[in-house]
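Quick notes on the structure that follows.
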Amino acid sequence: MSAVPESTSPPAHLRRRSIGRRKATDLTVKIFSWIGAWFGIIAMGFLVYEVVIRGAVAWNWAFFTQSTPQDVTSTQGGFANAIVGTIVITGVAALMAIPTGFLGGVYLAEFGRNGRVATAVRMIANVVMGVPSIIVGVFAFAVLVKPLQHYSGFAGSVALAFIMLPVMARTTEDILNLVPNELRESGLAMGAARWKVTLGVICKAARGGLITGATLAIVRVAGETAPLLFTALSSPYWMTGLFGPSGFFGGPVANLTKTIYDFSASPYPHFQTLAWGGALLIIVAVLGMNILVRLLFQRGKEW
Amino acid sequence: MSTVDLEVAPSPSGPRGAAIAAPRGHKLRLGDPLFRVLATVCGITVAVAMFGLAGVLVYNSWPAITTLGTKMLTTVAWSPTQGEYGALAALAGTALSTIVAMVIAVPLALVIALLLVELVHPAVSRVVGTAIEMLAAIPSIVYGMVGLFVIVPYIQDHLVPWVLSTPLGNVPGIKPGLQFQGGGLSIFTAGVVLAFMVLPFITAVSRDVLKMVPQVTKEAGYGMGSTTWEVMHKISMRYANSGIVGAVFIGLGRALGETMAVAYLIGSVYTDLPRSIFDPGTSIASLIANQFSEATRTLDLSALIALGLILFLITVLFQILAQAWLRRVQRATGGRA
């Protein structure tokens, strides 16, 4: 790295090796890289293939319209109540976390910047993103389930919102930082208020990226299982209303991931098939949304 | 209180604007501080949430901490019915499965990242890169299921018998221990699946870091007559070294706390230290997941939450190390590494 000697002879460690050996090493590494990359791609293809093959069998009208079977000998039933439950739980989580996280990101990018508070918030947000999701589940259990003496879909939503919040804040910040400063300056020079510039100019310019970020944050938590294990639990019934033992706030709410976990661990073939159907649904939804936002808002990424 | 301060504050500077646009001025002046306060509150919420989480964990594990003290960290077995609340078996399982995962994932991630940056056409690189990012989006429960139904039988029927028939089978750490159940549900299987779960993260970050290596530097290497590998090894890797270490830390943090896939695969033996990677065991996260619903007494629950606190502290420590490391790197390279 430091000063290169002015001699014409190359350093000793380069002189000693023959060109043949160097080329052989080079080729070996290249071959290993290719094998490694193919290994990765094949592993992913294999994963998706297994889920599709095993899950497609379960997909029929009943899967999307009937609730989960309660009788182990039954060959009826579907995942409809779990699908609805996951959508509601994730939706409520998004309602809590997306606006808060977005504004938090605005704070980091527009107001806090490199100040001491913002730096601390940024660092803490990064740390929170690395906290295992099961810990967040334990937290929601301790706050909302243990004192109230009953499981609830809302506790699940809070856990998911907790996971989403730092992700949303940091994504928003990163995307807003990509917007050129000239846009801010010209907005302010026009005499517009700061909040109008932020929301009407900067966020508008970055909306593709913001929507992508929010969607990916939602999709990411929609597939979470661990935070729901002791919060939303699962239920063979439909969620009805808000309160009461089968309501969103009042009792366990069926959801895809926990139901998949329970069913896949059960010894009954029909339950296992349903679990694969659920896994396929999650993969289709998650990968589908990922591809969709990438296609729609690819421009947003380039900002 | 700060709300009041901020709402009043703009008025001294008011007259200048008011002289030009008196009718609209008032509305604007209220909107700005309000927006600022709202955003600041939301930003601080993110930080407060973390302290709330830590506080709740400590508060709820307090009964266990006061009753059991350091016994949790010095006893092996987790068996609440016999009054044993040891975390060592779970800690060992967590560490071993993470090590297995990193040993597989890090080299693989590095060769893939090198390939994406140096060897293939940019278009191919983009497609493969996207495919690998997709791998990261697949929920852990799907990895767990595929692991349980597809990989476990393969490892149990083919890989483990083969490994044990070779001289490797007598090496300590590979030689089956007392709890050996065929090797299908084992720390090794959990580690393999974990490897595939953290692979995309390490690959993606390493790729981004390697991309930051200035083209001129690499071209200088080629100009000196270096082969591709020599440029990668002696220039790119050295340049991107610290960034890659950061990437590994991030992957490590994920592997440590992964719950569902491990809960499916690690075999759930709570009472003994694993003697071999093919032994079943447990990890902290999967122990919590599996035992939580069975915790009936206050102490059981509190001890489980204390386990959660231990895991929380370990991951926070790793995250802070990773953050500090990456910040140091950023300062050293003067850019976004």
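Only the coordinates and a few stated rules stand behind these numbers; no lab work does. Only a predicted model underlies this, so the values are computations on that prediction, with no experimental measurement involved. We place every Cβ from the backbone using ideal geometry, glycine too, and count neighbours over all the protein chains shown.
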* Could you work out the mean count of beta carbons from other protein chains within 10 Å of each residue's beta carbon in B:176-185? => 0
* **Highest-fluctuation residue, A:MET168, A:MET129, A:MET190 considered, GNM on chain A with Cα pairs under 10 Å** => A:MET190
* To do: With a bin width of 10 angstrom, please list the P(r) values of the protein assembly as shown as percents of all Cα-Cα pairs, from the 0 bin to the one holding the largest distance.
  => 3, 14, 23, 25, 18, 10, 4, 1, 0, 0
* Residue-averaged beta-carbon neighbours from other chains (10 angstrom radius) around A:23-35 -> 5
* Degrees separating the helix B:122-137 axis from the principal Cα axis of chain B, which is the longest one -> 80 degrees
* To do: Treating the angle as unsigned and between 0 and 90°, give the value, to the nearest 10°, between the Cα long axis of helix B:88-114 and the longest Cα principal axis of chain B.
  => 70 degrees
* Enter the Cα centre distance for the pair the stretch A:139-177 and the stretch A:87-103, rounded to the nearest angstrom. => 9 Å
* Which is farthest toward the positive dipole end of the stretch A:15-56 among A:ILE19, A:VAL29, A:ALA43, measuring Cα position about the Cα centre, with Cβ charges +1 (Lys, Arg) and -1 (Asp, Glu)? -> A:ILE19
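Which order, highest average first, do B:124-131, B:233-240 follow once you tally other Cβ atoms within 10 Å for each residue and take the mean per peptide?
Working: B:124-131: 15.5, B:233-240: 18.4.
Descending packing order for the listed peptides: B:233-240, B:124-131.
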* Search the structure for amide H atoms under 5 Å from the amide H of B:TYR85, placed 1.01 Å from N in the peptide plane, and list their residues when 5 or more places away or on another chain. => B:SER79
* Partner chain Cβ atoms within 10 Å, averaged over the residues of A:186-195 - can you pull that number for me? => 3
* To do: Report the one residue of A:GLY200, A:ALA125, A:ALA94 whose Cα lies farthest in the direction of the positive end of the charge dipole of the protein assembly as shown (charges on C-beta: Lys and Arg +1, Asp and Glu -1; origin at the Cα centre).
  => A:GLY200
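Rounding to the nearest 20 debye, state how big the charge dipole of the protein assembly as shown is about its Cα centre with +1 on each Lys and Arg Cβ and -1 on each Asp and Glu Cβ.
Working: 43 positive and 27 negative charges, 415 e Å.
Dipole about the Cα centre, nearest 20: 2000 debye.
Treat every Asp and Glu Cβ in chain B as -1 and every Lys and Arg Cβ as +1, leave all other atoms uncharged, and give the resulting dipole magnitude about the Cα centre to the nearest 20 debye. Spell out each step's value before the answer.
Working: 20 positive and 15 negative charges, 243 e Å.
The dipole of chain B has a size of about 1160 debye.
At a 10 angstrom cut-off on C-beta neighbours, averaged per residue, how do the peptides B:82-89, B:305-312, A:106-113 rank from highest to lowest? The partial results should precede the final answer.
Values: B:82-89: 17.6, B:305-312: 25.0, A:106-113: 23.0.
Packing order, densest peptide first, comes out as B:305-312, A:106-113, B:82-89.
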* To do: Name the most mobile residue of B:GLY182, B:GLY55, B:GLY93, meaning the one with the largest mean-square fluctuation, in a Gaussian network model of chain B with Cα contacts below 10 Å.
  => B:GLY55
* Asked: Ranked highest first by average number of other Cβ atoms within 10 Å, how do A:244-250, A:176-182, A:212-218 line up?
  -> A:212-218, A:244-250, A:176-182
* Asked: What is the dipole size for chain A, taken about its Cα centre, with +1 at each Lys and Arg Cβ and -1 at each Asp and Glu Cβ, in debye to the nearest 20?
  -> 1120 debye
* To do: Taking only Cα atoms and a 10 Å spring cutoff, compute GNM fluctuations for chain B and point out the largest among B:ALA49, B:ALA303, B:ALA105.
  => B:ALA49
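Which ordering of A:GLU173, B:GLU118 is given by a fewest-first count of other beta-carbon atoms within 10 Å? List each step's numbers first, then the result.
On the way: A:GLU173 26, B:GLU118 18.
Least to most surrounded, the residues fall as B:GLU118, A:GLU173.
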